[in-house]
Amino acid sequence: MSNYADPSSLASASVSAASSLLQVSGLSKSFDNNSTPIFSDVNFSIFASQSVALIGSNGAGKSTLLRCCLRLIEPDSGSIVFDGEAIDKKSGRSLSKVRNKVGFVFQKHCLVPRLSVLSNVIHGNLAYCQGPRNWLHGFARQEVRERAMDCLAQVGLAHLATKRCDQLSGGQSQRVAIARALMQQPTILFADEPTASLDPQSGQEIMELFERLVKDNGLTLFFVSHNIEHALKYADRVLGLQERRLSLDSVTHTQSLQSLRAFYG
Amino acid sequence: MDKLNNEFTKDADMTKATFETPLRFERPSIISHVLFALFVLFFLWSTANAGLSISELLSGFPNMATIAGEMVPPATDRVWPMANAILVTFQMALVGTVIGIAVSIPIAILSARNTSPHPIVRHITRSVVSFFRTVPDLAWALFFVASVGLGPFAGTLTIIVDTIGFCARFFAESMEEVDPGPSEALASIGASPMDRIAVVLMPGAMPSFINISLFSLEKAVRSSVVLGLVGAGGIGAELAVSMEMFRYDQAAMIVLMIFILVFAVEQFSSSTRNRLLGQSK
(Lines give C-alpha, C1' and ligand atoms only; values in the text may rest on other atoms or scores of the structure.)
Protein backbone atom coordinates (compact mmCIF):
# COMPACT_ATOMS: atom_id res chain seq x y z
CA MET A 1 0.00 0.00 0.00
CA SER A 2 2.97 2.30 0.14
CA ASN A 3 2.05 3.49 -3.37
CA TYR A 4 -0.80 5.46 -1.78
CA ALA A 5 1.54 7.55 0.29
CA ASP A 6 2.51 10.90 -1.09
CA PRO A 7 6.17 11.28 -0.15
CA SER A 8 6.13 15.03 -0.74
CA SER A 9 3.49 15.47 1.93
CA LEU A 10 4.77 13.09 4.57
CA ALA A 11 4.76 15.79 7.15
CA SER A 12 6.11 13.83 10.07
CA ALA A 13 9.44 13.10 8.48
CA SER A 14 10.50 16.64 7.80
CA VAL A 15 9.13 18.72 10.63
CA SER A 16 10.65 19.02 14.05
CA ALA A 17 8.76 18.18 17.23
CA ALA A 18 8.88 21.81 18.34
CA SER A 19 6.60 23.06 15.56
CA SER A 20 4.06 20.25 15.70
CA LEU A 21 1.28 19.94 18.25
CA LEU A 22 1.49 16.15 18.40
CA GLN A 23 4.43 14.13 17.17
CA VAL A 24 4.36 10.36 17.26
CA SER A 25 7.55 8.42 16.47
CA GLY A 26 8.11 4.67 16.20
CA LEU A 27 4.90 3.79 18.02
CA SER A 28 4.14 0.07 18.32
CA LYS A 29 1.49 -1.89 20.17
CA SER A 30 0.58 -5.54 20.58
CA PHE A 31 -1.92 -6.87 23.08
CA ASP A 32 -0.35 -10.23 23.91
CA ASN A 33 3.35 -10.52 24.59
CA ASN A 34 5.34 -11.54 21.52
CA SER A 35 2.21 -11.68 19.37
CA THR A 36 1.87 -9.92 16.03
CA PRO A 37 1.60 -6.21 16.74
CA ILE A 38 -1.58 -4.33 15.96
CA PHE A 39 0.64 -1.67 14.46
CA SER A 40 4.35 -0.98 14.54
CA ASP A 41 6.73 1.87 13.83
CA VAL A 42 3.99 4.45 13.35
CA ASN A 43 5.27 7.98 12.71
CA PHE A 44 3.22 11.10 12.11
CA SER A 45 2.78 14.68 13.25
CA ILE A 46 -0.26 16.87 13.66
CA PHE A 47 -0.01 20.65 13.44
CA ALA A 48 -2.10 23.32 15.08
CA SER A 49 -5.48 24.10 13.47
CA GLN A 50 -5.24 21.08 11.20
CA SER A 51 -8.01 18.58 10.71
CA VAL A 52 -6.57 15.08 10.31
CA ALA A 53 -8.52 11.91 9.52
CA LEU A 54 -7.30 8.42 10.38
CA ILE A 55 -8.79 5.66 8.24
CA GLY A 56 -8.38 1.90 8.07
CA SER A 57 -10.48 -1.25 8.08
CA ASN A 58 -11.96 -2.86 11.20
CA GLY A 59 -9.24 -4.17 13.49
CA ALA A 60 -6.54 -2.06 11.83
CA GLY A 61 -5.82 -0.43 15.20
CA LYS A 62 -7.19 3.09 14.65
CA SER A 63 -8.90 3.41 18.03
CA THR A 64 -5.93 1.79 19.76
CA LEU A 65 -3.59 4.27 18.06
CA LEU A 66 -5.76 7.18 19.15
CA ARG A 67 -5.76 5.94 22.75
CA CYS A 68 -2.04 5.22 22.68
CA CYS A 69 -1.43 8.88 21.77
CA LEU A 70 -2.89 9.81 25.18
CA ARG A 71 -1.56 6.69 26.88
CA LEU A 72 -5.06 5.59 27.74
CA ILE A 73 -3.61 2.37 26.33
CA GLU A 74 0.11 1.96 26.97
CA PRO A 75 2.12 1.60 23.75
CA ASP A 76 4.89 -1.02 23.72
CA SER A 77 7.47 1.35 22.27
CA GLY A 78 7.84 4.72 20.61
CA SER A 79 7.68 8.31 21.70
CA ILE A 80 4.83 10.80 21.89
CA VAL A 81 5.54 14.51 22.08
CA PHE A 82 2.57 16.73 22.81
CA ASP A 83 2.95 20.49 22.53
CA GLY A 84 6.71 20.18 22.93
CA GLU A 85 6.54 17.86 25.95
CA ALA A 86 7.44 14.17 25.79
CA ILE A 87 4.67 12.25 27.53
CA ASP A 88 5.98 8.70 27.35
CA LYS A 89 7.61 8.89 30.80
CA LYS A 90 4.94 11.00 32.48
CA SER A 91 2.57 9.58 35.05
CA GLY A 92 -0.01 10.67 37.58
CA ARG A 93 -0.62 14.39 37.81
CA SER A 94 1.84 15.40 35.09
CA LEU A 95 0.16 13.02 32.62
CA SER A 96 -3.24 14.36 33.68
CA LYS A 97 -2.02 17.88 32.91
CA VAL A 98 -1.28 16.84 29.34
CA ARG A 99 -4.61 15.03 29.01
CA ASN A 100 -6.37 18.18 30.23
CA LYS A 101 -5.51 19.84 26.94
CA VAL A 102 -7.00 17.06 24.81
CA GLY A 103 -10.73 16.75 24.28
CA PHE A 104 -11.87 13.23 23.47
CA VAL A 105 -15.15 12.42 21.73
CA PHE A 106 -16.05 8.73 21.70
CA GLN A 107 -18.20 6.73 19.31
CA LYS A 108 -20.68 5.86 22.07
CA HIS A 109 -20.76 9.38 23.55
CA CYS A 110 -19.76 8.09 27.02
CA LEU A 111 -22.00 10.45 28.95
CA VAL A 112 -23.32 9.71 32.44
CA PRO A 113 -26.88 8.71 31.52
CA ARG A 114 -28.63 9.48 34.80
CA LEU A 115 -27.28 13.02 35.08
CA SER A 116 -28.42 16.19 33.35
CA VAL A 117 -26.93 17.54 30.14
CA LEU A 118 -25.50 20.53 32.04
CA SER A 119 -23.85 18.33 34.69
CA ASN A 120 -22.27 16.22 31.95
CA VAL A 121 -20.88 19.32 30.23
CA ILE A 122 -19.53 20.63 33.55
CA HIS A 123 -17.61 17.35 33.94
CA GLY A 124 -15.31 18.73 31.24
CA ASN A 125 -14.08 21.18 33.86
CA LEU A 126 -12.78 18.27 35.97
CA ALA A 127 -9.72 18.54 33.77
CA TYR A 128 -8.75 21.69 35.69
CA CYS A 129 -10.65 21.61 38.94
CA GLN A 130 -11.22 18.26 40.58
CA GLY A 131 -13.64 17.65 43.42
CA PRO A 132 -17.33 18.01 44.28
CA ARG A 133 -17.72 21.51 42.77
CA ASN A 134 -17.72 19.92 39.32
CA TRP A 135 -19.64 16.73 40.08
CA LEU A 136 -23.12 18.20 39.59
CA HIS A 137 -24.26 21.47 38.04
CA GLY A 138 -25.98 22.33 41.31
CA PHE A 139 -22.60 22.46 43.08
CA ALA A 140 -20.71 24.33 40.36
CA ARG A 141 -19.59 27.96 40.52
CA GLN A 142 -21.70 30.43 38.59
CA GLU A 143 -18.96 31.21 36.05
CA VAL A 144 -18.48 27.50 35.38
CA ARG A 145 -22.22 27.07 34.84
CA GLU A 146 -22.23 30.02 32.46
CA ARG A 147 -19.28 28.68 30.50
CA ALA A 148 -20.99 25.27 30.26
CA MET A 149 -24.09 27.00 28.90
CA ASP A 150 -21.87 28.75 26.31
CA CYS A 151 -20.46 25.38 25.24
CA LEU A 152 -23.98 23.98 24.96
CA ALA A 153 -24.99 27.01 22.91
CA GLN A 154 -22.07 26.35 20.55
CA VAL A 155 -23.44 22.88 19.82
CA GLY A 156 -27.02 24.18 19.68
CA LEU A 157 -28.35 22.41 22.76
CA ALA A 158 -28.63 25.15 25.39
CA HIS A 159 -32.39 24.55 25.55
CA LEU A 160 -31.81 20.96 26.76
CA ALA A 161 -29.53 21.87 29.69
CA THR A 162 -31.71 20.31 32.40
CA LYS A 163 -32.76 17.23 30.44
CA ARG A 164 -31.33 13.86 31.48
CA CYS A 165 -28.79 12.43 29.07
CA ASP A 166 -30.60 9.10 28.76
CA GLN A 167 -33.52 10.98 27.20
CA LEU A 168 -31.49 12.36 24.28
CA SER A 169 -31.19 11.07 20.72
CA GLY A 170 -27.84 9.73 19.48
CA GLY A 171 -27.05 12.95 17.62
CA GLN A 172 -27.93 15.11 20.63
CA SER A 173 -25.80 12.90 22.91
CA GLN A 174 -22.83 13.28 20.61
CA ARG A 175 -23.29 17.07 20.64
CA VAL A 176 -23.31 17.02 24.45
CA ALA A 177 -20.09 14.97 24.36
CA ILE A 178 -18.57 17.62 22.10
CA ALA A 179 -19.76 20.38 24.44
CA ARG A 180 -18.10 18.51 27.33
CA ALA A 181 -14.88 18.39 25.33
CA LEU A 182 -15.18 22.14 24.57
CA MET A 183 -15.61 22.81 28.27
CA GLN A 184 -12.02 21.64 28.65
CA GLN A 185 -10.90 24.44 26.32
CA PRO A 186 -8.79 21.84 24.53
CA THR A 187 -5.83 22.47 22.27
CA ILE A 188 -6.73 19.43 20.20
CA LEU A 189 -9.85 17.36 19.87
CA PHE A 190 -9.62 13.58 19.35
CA ALA A 191 -12.74 11.92 17.95
CA ASP A 192 -13.03 8.14 17.71
CA GLU A 193 -15.56 7.32 14.99
CA PRO A 194 -17.84 10.14 16.17
CA THR A 195 -20.51 9.47 13.56
CA ALA A 196 -20.45 5.66 13.52
CA SER A 197 -23.54 5.23 15.69
CA LEU A 198 -25.49 8.04 14.04
CA ASP A 199 -27.80 8.19 11.02
CA PRO A 200 -26.30 9.86 7.92
CA GLN A 201 -28.03 13.21 8.54
CA SER A 202 -26.92 13.41 12.21
CA GLY A 203 -23.44 12.25 11.21
CA GLN A 204 -23.24 15.02 8.63
CA GLU A 205 -24.36 17.60 11.21
CA ILE A 206 -21.72 16.44 13.68
CA MET A 207 -18.98 16.69 11.05
CA GLU A 208 -20.19 20.18 10.07
CA LEU A 209 -20.02 21.14 13.73
CA PHE A 210 -16.42 19.90 13.90
CA GLU A 211 -15.61 21.84 10.73
CA ARG A 212 -17.03 25.02 12.24
CA LEU A 213 -15.05 24.52 15.46
CA VAL A 214 -11.83 24.06 13.47
CA LYS A 215 -12.49 27.13 11.33
CA ASP A 216 -13.98 29.48 13.92
CA ASN A 217 -12.14 28.44 17.09
CA GLY A 218 -8.85 27.37 15.51
CA LEU A 219 -9.25 23.95 17.12
CA THR A 220 -7.08 21.05 15.94
CA LEU A 221 -9.03 17.91 15.08
CA PHE A 222 -7.80 14.32 14.87
CA PHE A 223 -10.63 11.98 14.01
CA VAL A 224 -11.02 8.30 13.19
CA SER A 225 -13.60 7.49 10.55
CA HIS A 226 -14.79 4.72 8.28
CA ASN A 227 -16.58 7.29 6.21
CA ILE A 228 -14.17 8.12 3.38
CA GLU A 229 -16.38 10.97 2.17
CA HIS A 230 -16.13 12.59 5.60
CA ALA A 231 -12.36 12.13 5.53
CA LEU A 232 -12.08 13.78 2.13
CA LYS A 233 -14.52 16.58 2.88
CA TYR A 234 -13.60 17.56 6.44
CA ALA A 235 -9.91 16.70 6.82
CA ASP A 236 -6.86 18.60 5.62
CA ARG A 237 -4.80 15.45 5.87
CA VAL A 238 -5.56 11.79 5.89
CA LEU A 239 -3.61 9.00 7.56
CA GLY A 240 -4.22 5.37 6.65
CA LEU A 241 -3.45 2.29 8.73
CA GLN A 242 -3.08 -0.94 6.84
CA GLU A 243 -1.25 -4.18 7.47
CA ARG A 244 0.07 -2.94 10.81
CA ARG A 245 1.72 0.11 9.24
CA LEU A 246 0.83 3.71 8.70
CA SER A 247 0.91 3.40 4.95
CA LEU A 248 -0.70 6.70 4.07
CA ASP A 249 0.05 10.22 5.27
CA SER A 250 -1.15 12.63 2.66
CA VAL A 251 -2.89 15.94 2.15
CA THR A 252 -6.51 15.24 1.35
CA HIS A 253 -6.74 17.02 -1.98
CA THR A 254 -4.33 14.56 -3.58
CA GLN A 255 -6.59 11.65 -2.62
CA SER A 256 -9.80 10.36 -4.15
CA LEU A 257 -12.66 8.13 -3.03
CA GLN A 258 -11.20 5.36 -5.14
CA SER A 259 -7.70 5.60 -3.71
CA LEU A 260 -8.98 5.59 -0.12
CA ARG A 261 -11.40 2.72 -0.76
CA ALA A 262 -8.34 0.51 -1.27
CA PHE A 263 -7.89 0.64 2.51
CA TYR A 264 -11.10 -1.34 2.87
CA GLY A 265 -10.49 -3.76 0.02
CA MET B 1 -25.66 -13.62 -14.63
CA ASP B 2 -25.16 -17.31 -15.32
CA LYS B 3 -21.63 -16.99 -14.11
CA LEU B 4 -22.85 -15.39 -10.89
CA ASN B 5 -25.41 -18.18 -10.36
CA ASN B 6 -22.74 -20.81 -10.91
CA GLU B 7 -20.49 -19.13 -8.35
CA PHE B 8 -23.34 -19.06 -5.85
CA THR B 9 -24.16 -22.75 -6.40
CA LYS B 10 -20.51 -23.64 -6.02
CA ASP B 11 -20.30 -21.73 -2.72
CA ALA B 12 -23.49 -23.38 -1.46
CA ASP B 13 -22.13 -26.86 -2.30
CA MET B 14 -18.92 -26.11 -0.45
CA THR B 15 -20.84 -24.96 2.61
CA LYS B 16 -22.90 -28.15 2.54
CA ALA B 17 -19.81 -30.30 2.21
CA THR B 18 -17.82 -28.50 4.93
CA PHE B 19 -20.36 -27.97 7.73
CA GLU B 20 -22.80 -30.40 9.30
CA THR B 21 -25.85 -29.38 11.30
CA PRO B 22 -24.84 -29.59 14.94
CA LEU B 23 -26.55 -32.02 17.32
CA ARG B 24 -29.46 -30.54 19.28
CA PHE B 25 -27.88 -31.57 22.58
CA GLU B 26 -24.30 -32.44 23.43
CA ARG B 27 -23.81 -35.99 24.75
CA PRO B 28 -22.79 -35.67 28.44
CA SER B 29 -19.25 -36.77 29.21
CA ILE B 30 -18.38 -39.77 31.44
CA ILE B 31 -17.33 -37.30 34.18
CA SER B 32 -20.79 -35.69 34.08
CA HIS B 33 -22.42 -39.12 34.51
CA VAL B 34 -20.14 -39.97 37.43
CA LEU B 35 -20.75 -36.60 39.10
CA PHE B 36 -24.52 -37.00 38.72
CA ALA B 37 -24.40 -40.52 40.22
CA LEU B 38 -22.31 -39.20 43.15
CA PHE B 39 -24.81 -36.40 43.73
CA VAL B 40 -27.74 -38.86 43.82
CA LEU B 41 -25.90 -41.08 46.34
CA PHE B 42 -25.01 -38.10 48.53
CA PHE B 43 -28.62 -36.85 48.42
CA LEU B 44 -29.94 -40.26 49.53
CA TRP B 45 -27.42 -40.32 52.38
CA SER B 46 -28.45 -36.76 53.31
CA THR B 47 -32.14 -37.68 53.52
CA ALA B 48 -31.23 -40.37 56.06
CA ASN B 49 -29.13 -37.93 58.14
CA ALA B 50 -31.75 -35.16 57.86
CA GLY B 51 -34.06 -37.38 59.91
CA LEU B 52 -36.93 -37.43 57.42
CA SER B 53 -39.65 -39.61 58.93
CA ILE B 54 -43.22 -39.90 57.70
CA SER B 55 -44.28 -41.82 60.85
CA GLU B 56 -42.98 -39.10 63.18
CA LEU B 57 -44.70 -36.48 61.06
CA LEU B 58 -48.00 -38.35 61.31
CA SER B 59 -47.64 -38.85 65.07
CA GLY B 60 -46.88 -35.11 65.44
CA PHE B 61 -50.10 -34.01 63.78
CA PRO B 62 -52.25 -34.26 66.96
CA ASN B 63 -49.72 -32.06 68.85
CA MET B 64 -49.78 -29.55 66.05
CA ALA B 65 -53.54 -29.45 66.15
CA THR B 66 -53.48 -28.98 69.96
CA ILE B 67 -50.99 -26.11 69.80
CA ALA B 68 -52.86 -24.50 66.89
CA GLY B 69 -56.07 -24.80 68.92
CA GLU B 70 -54.46 -23.09 71.92
CA MET B 71 -53.23 -20.28 69.68
CA VAL B 72 -56.79 -19.25 68.83
CA PRO B 73 -57.86 -16.67 69.80
CA PRO B 74 -54.54 -14.79 70.13
CA ALA B 75 -54.09 -13.24 73.59
CA THR B 76 -54.53 -9.50 73.87
CA ASP B 77 -53.49 -9.10 77.52
CA ARG B 78 -49.90 -8.07 76.69
CA VAL B 79 -50.52 -6.16 73.48
CA TRP B 80 -48.80 -2.93 74.52
CA PRO B 81 -45.54 -4.47 75.80
CA MET B 82 -45.53 -6.60 72.65
CA ALA B 83 -46.17 -3.54 70.43
CA ASN B 84 -43.27 -1.81 72.15
CA ALA B 85 -41.04 -4.84 71.55
CA ILE B 86 -42.00 -4.99 67.88
CA LEU B 87 -41.24 -1.26 67.54
CA VAL B 88 -37.81 -1.85 69.09
CA THR B 89 -37.31 -4.76 66.66
CA PHE B 90 -38.02 -2.48 63.71
CA GLN B 91 -35.82 0.29 65.13
CA MET B 92 -32.93 -2.17 65.58
CA ALA B 93 -33.36 -3.26 61.98
CA LEU B 94 -33.57 0.31 60.67
CA VAL B 95 -30.58 1.67 62.58
CA GLY B 96 -28.49 -1.44 61.86
CA THR B 97 -29.32 -1.32 58.15
CA VAL B 98 -28.63 2.41 57.71
CA ILE B 99 -25.29 2.23 59.52
CA GLY B 100 -24.44 -1.01 57.68
CA ILE B 101 -25.19 0.59 54.29
CA ALA B 102 -23.12 3.68 55.14
CA VAL B 103 -20.14 1.49 56.09
CA SER B 104 -20.65 -0.78 53.07
CA ILE B 105 -20.15 1.99 50.49
CA PRO B 106 -16.45 2.71 51.23
CA ILE B 107 -15.78 -1.01 51.70
CA ALA B 108 -17.40 -1.70 48.31
CA ILE B 109 -15.23 0.99 46.70
CA LEU B 110 -12.13 -0.68 48.14
CA SER B 111 -13.22 -4.12 46.99
CA ALA B 112 -14.61 -3.45 43.49
CA ARG B 113 -12.25 -4.37 40.66
CA ASN B 114 -12.64 -1.01 38.90
CA THR B 115 -12.24 1.20 41.98
CA SER B 116 -9.90 -0.61 44.35
CA PRO B 117 -6.56 1.18 44.80
CA HIS B 118 -4.58 -2.07 44.83
CA PRO B 119 -5.27 -5.80 44.30
CA ILE B 120 -4.04 -6.57 47.83
CA VAL B 121 -6.53 -4.09 49.31
CA ARG B 122 -9.26 -5.66 47.17
CA HIS B 123 -8.45 -9.19 48.36
CA ILE B 124 -8.31 -8.16 52.02
CA THR B 125 -11.62 -6.24 51.93
CA ARG B 126 -13.32 -9.03 49.95
CA SER B 127 -12.12 -11.59 52.48
CA VAL B 128 -13.40 -9.53 55.41
CA VAL B 129 -16.78 -9.05 53.74
CA SER B 130 -16.92 -12.74 52.88
CA PHE B 131 -16.19 -13.61 56.53
CA PHE B 132 -18.99 -11.25 57.72
CA ARG B 133 -21.39 -12.91 55.32
CA THR B 134 -20.54 -16.56 55.91
CA VAL B 135 -20.80 -16.46 59.72
CA PRO B 136 -24.56 -16.86 60.48
CA ASP B 137 -26.31 -13.90 62.11
CA LEU B 138 -27.27 -16.03 65.14
CA ALA B 139 -23.57 -16.74 65.74
CA TRP B 140 -22.84 -13.00 65.51
CA ALA B 141 -25.73 -12.32 67.92
CA LEU B 142 -24.34 -14.81 70.45
CA PHE B 143 -20.91 -13.20 70.10
CA PHE B 144 -22.25 -9.67 70.64
CA VAL B 145 -24.55 -10.72 73.52
CA ALA B 146 -21.49 -12.23 75.21
CA SER B 147 -19.47 -9.07 74.42
CA VAL B 148 -21.85 -6.17 75.16
CA GLY B 149 -24.57 -7.90 77.11
CA LEU B 150 -28.25 -8.72 76.56
CA GLY B 151 -30.46 -6.23 74.76
CA PRO B 152 -31.07 -4.41 71.51
CA PHE B 153 -27.50 -3.05 71.17
CA ALA B 154 -26.20 -6.58 70.56
CA GLY B 155 -28.95 -7.06 67.97
CA THR B 156 -28.14 -3.78 66.24
CA LEU B 157 -24.44 -4.69 66.04
CA THR B 158 -25.41 -8.06 64.53
CA ILE B 159 -27.54 -6.38 61.89
CA ILE B 160 -24.74 -3.92 61.05
CA VAL B 161 -22.29 -6.78 60.47
CA ASP B 162 -24.87 -8.79 58.54
CA THR B 163 -25.75 -5.78 56.36
CA ILE B 164 -22.09 -5.09 55.58
CA GLY B 165 -21.63 -8.72 54.52
CA PHE B 166 -24.62 -8.46 52.20
CA CYS B 167 -24.44 -4.88 50.90
CA ALA B 168 -20.67 -4.44 50.48
CA ARG B 169 -20.50 -7.45 48.19
CA PHE B 170 -23.46 -6.49 46.01
CA PHE B 171 -22.57 -2.77 45.96
CA ALA B 172 -19.10 -3.73 44.68
CA GLU B 173 -20.57 -6.01 42.03
CA SER B 174 -23.00 -3.35 40.83
CA MET B 175 -20.15 -0.82 40.52
CA GLU B 176 -18.18 -3.33 38.47
CA GLU B 177 -21.13 -3.68 36.11
CA VAL B 178 -21.38 0.06 35.33
CA ASP B 179 -20.55 0.90 31.70
CA PRO B 180 -16.82 1.76 31.70
CA GLY B 181 -17.18 4.22 28.79
CA PRO B 182 -17.99 7.41 30.75
CA SER B 183 -15.24 6.58 33.25
CA GLU B 184 -12.75 6.20 30.40
CA ALA B 185 -13.98 9.49 28.96
CA LEU B 186 -13.26 11.30 32.23
CA ALA B 187 -9.93 9.51 32.62
CA SER B 188 -9.00 10.80 29.17
CA ILE B 189 -9.38 14.40 30.32
CA GLY B 190 -7.43 13.85 33.52
CA ALA B 191 -10.23 13.51 36.10
CA SER B 192 -9.14 11.90 39.37
CA PRO B 193 -10.25 8.39 40.41
CA MET B 194 -12.39 9.97 43.16
CA ASP B 195 -14.13 12.17 40.57
CA ARG B 196 -14.82 9.15 38.41
CA ILE B 197 -16.27 7.19 41.34
CA ALA B 198 -18.50 10.08 42.38
CA VAL B 199 -19.57 11.19 38.93
CA VAL B 200 -19.83 7.95 36.95
CA LEU B 201 -19.88 4.88 39.17
CA MET B 202 -22.13 6.06 41.99
CA PRO B 203 -24.90 7.43 39.72
CA GLY B 204 -24.51 4.42 37.43
CA ALA B 205 -24.87 1.94 40.29
CA MET B 206 -27.53 3.94 42.15
CA PRO B 207 -30.57 1.91 40.99
CA SER B 208 -28.84 -1.27 42.17
CA PHE B 209 -27.81 0.43 45.43
CA ILE B 210 -31.44 1.38 46.13
CA ASN B 211 -32.65 -2.12 45.31
CA ILE B 212 -30.01 -3.82 47.43
CA SER B 213 -30.56 -1.43 50.35
CA LEU B 214 -34.31 -2.06 50.38
CA PHE B 215 -33.81 -5.84 50.23
CA SER B 216 -31.32 -5.43 53.03
CA LEU B 217 -33.89 -3.64 55.17
CA GLU B 218 -36.43 -6.42 54.55
CA LYS B 219 -33.81 -9.03 55.44
CA ALA B 220 -32.79 -7.13 58.60
CA VAL B 221 -36.40 -6.91 59.81
CA ARG B 222 -36.84 -10.68 59.37
CA SER B 223 -33.56 -11.53 61.08
CA SER B 224 -34.05 -9.02 63.93
CA VAL B 225 -37.16 -10.99 64.92
CA VAL B 226 -35.07 -14.14 65.36
CA LEU B 227 -32.18 -12.39 67.14
CA GLY B 228 -34.30 -11.86 70.25
CA LEU B 229 -34.38 -15.64 70.72
CA VAL B 230 -30.74 -15.52 71.80
CA GLY B 231 -31.15 -12.42 73.94
CA ALA B 232 -30.34 -9.72 71.41
CA GLY B 233 -33.44 -7.66 72.13
CA GLY B 234 -36.74 -7.09 70.36
CA ILE B 235 -39.83 -9.22 69.88
CA GLY B 236 -37.86 -12.48 69.63
CA ALA B 237 -37.27 -12.44 73.39
CA GLU B 238 -41.06 -12.11 73.97
CA LEU B 239 -41.67 -15.02 71.60
CA ALA B 240 -39.13 -17.22 73.38
CA VAL B 241 -40.71 -16.49 76.79
CA SER B 242 -44.23 -17.19 75.52
CA MET B 243 -43.20 -20.51 73.97
CA GLU B 244 -41.31 -21.58 77.13
CA MET B 245 -44.35 -20.76 79.28
CA PHE B 246 -46.66 -22.65 76.90
CA ARG B 247 -48.61 -19.40 76.28
CA TYR B 248 -49.36 -20.29 72.66
CA ASP B 249 -52.11 -17.66 72.51
CA GLN B 250 -49.52 -14.96 73.32
CA ALA B 251 -47.13 -16.54 70.80
CA ALA B 252 -49.91 -16.34 68.19
CA MET B 253 -50.33 -12.62 68.85
CA ILE B 254 -46.55 -12.12 68.48
CA VAL B 255 -46.49 -14.08 65.21
CA LEU B 256 -49.40 -11.96 63.97
CA MET B 257 -47.51 -8.76 64.86
CA ILE B 258 -44.37 -10.05 63.15
CA PHE B 259 -46.40 -10.84 60.04
CA ILE B 260 -47.88 -7.31 60.02
CA LEU B 261 -44.42 -5.73 60.47
CA VAL B 262 -42.72 -7.81 57.76
CA PHE B 263 -45.65 -7.33 55.38
CA ALA B 264 -45.67 -3.55 55.98
CA VAL B 265 -41.89 -3.27 55.42
CA GLU B 266 -42.12 -5.33 52.22
CA GLN B 267 -44.98 -3.17 50.92
CA PHE B 268 -43.08 0.02 51.77
CA SER B 269 -39.93 -1.37 50.16
CA SER B 270 -41.79 -2.42 47.03
CA SER B 271 -43.59 0.92 46.58
CA THR B 272 -40.38 2.91 47.28
CA ARG B 273 -38.50 0.80 44.75
CA ASN B 274 -41.17 1.37 42.11
CA ARG B 275 -41.34 5.10 42.80
CA LEU B 276 -37.58 5.72 42.80
CA LEU B 277 -36.57 3.32 40.05
CA GLY B 278 -39.67 3.97 37.95
CA GLN B 279 -38.65 7.62 37.71
CA SER B 280 -35.17 6.72 36.57
CA LYS B 281 -36.36 4.93 33.44
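The values are calculated or read from the model by the stated rules, or taken from the named source; none is laboratory data. Here the structure is a predicted model, which is why all the values come from computation and not from measurement. Here Cβ is always computed from backbone atoms with ideal geometry, including for glycine, and neighbour counts include all displayed protein chains. These accessible areas exclude ligands, DNA and RNA; they are computed on the full protein's heavy atoms, side chains included. Shrake-Rupley method; radii C 1.70, N 1.55, O 1.52, S 1.80 Å.
One residue stands out among those in region A:88-108 that are open to solvent by 10 Å² or more (accessible area, probe 1.4 Å) and at the interface with another protein chain (Cβ under 8 Å from one of its Cβ atoms): the one that is farthest from residue A:62 (Cα to Cα), which is A:97.
Just the residues that are exposed (fewer than 10 other Cβ atoms within 10 Å of the Cβ) and either touching a His at 6+ places or on another chain (Cβ under 6 Å) or part of a loop (DSSP other than H, G, I, E, B) (or both), please, taken from region B:50-72. Answer for region B:50-72, where residues must be exposed (fewer than 10 other Cβ atoms within 10 Å of the Cβ) and either touching a His at 6+ places or on another chain (Cβ under 6 Å) or part of a loop (DSSP other than H, G, I, E, B) (or both): B:50, B:51, B:72.
From the list A:173, A:225, which one is within 30 Å of residue A:242 (Cα to Cα) and either open to solvent by less than 30 Å² (accessible area, probe 1.4 Å) or in contact with a strand residue (DSSP E or B) (Cβ under 8 Å, 6 or more places away or on another chain) (or both)?
On the way: A:173 fails: within 30 Å of residue A:242 (Cα to Cα).
Criteria check complete, one pass: A:225.
In this entry, residue B:191 passes the filter for residues that are within 14 Å of another protein chain (Cβ to nearest Cβ) and of a type in the set (Gly, Ala, Ser).
Those helices (runs of 4 or more DSSP H) of region B:86-178 in which 2 or more residues are open to solvent by less than 10 Å² (accessible area, probe 1.4 Å) and among the aliphatic types (A, V, I, L, M) occupy B:152-176.
Of the conditions (1) more than 12 Å from chain B (Cβ to nearest Cβ); (2) open to solvent by less than 60 Å² (accessible area, probe 1.4 Å), residue A:180 fails just one. Which one is it? Only one criterion in (1) more than 12 Å from chain B (Cβ to nearest Cβ); (2) open to solvent by less than 60 Å² (accessible area, probe 1.4 Å) is unmet by residue A:180, namely (1).
Residue-by-condition table, conditions (1) away from chain A (no Cβ under 14 Å); (2) of a type in the set (Gly, Ala, Ser); (3) free of Cβ contacts under 8 Å to residues at least 12 places away in the same chain:
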{"site": "B:138", "(1), (2), (3)": "yes, no, no"}
{"site": "B:154", "(1), (2), (3)": "yes, yes, no"}
{"site": "B:166", "(1), (2), (3)": "yes, no, no"}
{"site": "B:187", "(1), (2), (3)": "no, yes, yes"}
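Among A:35, A:49, which is the only one that is more than 10 Å from chain B (Cβ to nearest Cβ) and in contact with a Ser or Thr (Cβ under 7 Å, 6 or more places away or on another chain)?
Values: A:35 fails: in contact with a Ser or Thr (Cβ under 7 Å, 6 or more places away or on another chain).
The match here is A:49.
Might you check whether a residue that is within 20 Å of residue A:119 (Cβ to Cβ), charged (D, E, K, R) and not in a helix (DSSP H, G or I) occurs anywhere in region A:152-173? Yes - at least one qualifying residue is present in region A:152-173. When region A:120-141 is examined, which residues are found to be crowded, with 21+ Cβ neighbours inside 10 Å, under 18 Å from residue B:203 (Cα atoms) and facing another protein chain (nearest Cβ under 8 Å)? Listed by number, the residues that qualify are A:123, A:124, A:126, A:134, A:135. Looking at region B:173-194, is at least one residue in contact with a helix residue (DSSP H, G or I) (Cβ under 6 Å, 6 or more places away or on another chain) and closer than 19 Å to residue B:225 by Cα? Checked region B:173-194: no residue is in contact with a helix residue (DSSP H, G or I) (Cβ under 6 Å, 6 or more places away or on another chain) and closer than 19 Å to residue B:225 by Cα. Considering only residues that are away from chain B (no Cβ under 13 Å) and not in a helix (DSSP H, G or I), look in region A:57-73 and name the one that is surrounded by the fewest Cβ atoms within 10 Å (Cβ to Cβ). Applying the filter and picking the extreme gives A:58.
Going by what's in this entry, would residue A:118 be described as modelled with pLDDT under 90, assigned to a helix (DSSP H, G or I) and among the hydrophobic types (A, V, I, L, M, F, W, C)?
Numbers: modelled with pLDDT under 90: no; assigned to a helix (DSSP H, G or I): yes; among the hydrophobic types (A, V, I, L, M, F, W, C): yes.
Answer is no for this residue.
The single condition among (1) within 14 Å of another protein chain (Cβ to nearest Cβ); (2) in contact with a helix residue (DSSP H, G or I) (Cβ under 6 Å, 6 or more places away or on another chain); (3) open to solvent by less than 20 Å² (accessible area, probe 1.4 Å) that residue B:265 does not meet is (1).
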